[in-house]
1. How many percent of the alpha carbon pairs in the stretch 47-94 exceed a separation of 16 Å?
2. Each label point is 7 Å from the Cα along the Cα-to-Cβ direction; what then is the distance between the points at Leu38 and Ala93, in nm?
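Computed from the coordinates by the stated procedures, all read-outs in this text should not be read as laboratory data. Note that the structure is a prediction, hence the values are computed from the model and not measured. Virtual Cβ from ideal backbone geometry, glycine too; neighbours counted across all protein chains shown.
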Amino acid sequence: MTTLSITRGKAKAPAPTMPAPVAPATTQPTSEADRMKLWMTLIIGVLVIALASIVAAVVLILMGKSDLASGAWPIATAAVAGIVGLFAKSPTAG
């Protein structure tokens, strides 16, 4: 048999736990290899998104749902434009 305890008033809430502080040295990449990994991850990720949206648009067109495919093209063009923008020279640069 189980017993049920009833308390009157408000129960004490457990004390909130704070996350451990993060050392400033671990918040940003410090070596050139770490920076290169981040850039490659960004570039490859955006290219995968662009290719996936192009494939989705083509498949939707082949299935006869061109109205749905029109939503995938802007994703692909925005991703490609973002990659081009990373490497393009600024018009205000001398």
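1. On the way: 515 of 1128 pairs.
For the stretch 47-94, the fraction of Cα-Cα distances above 16 Å is 46 percent.
2. Output for this residue pair reads 1.9 nm.
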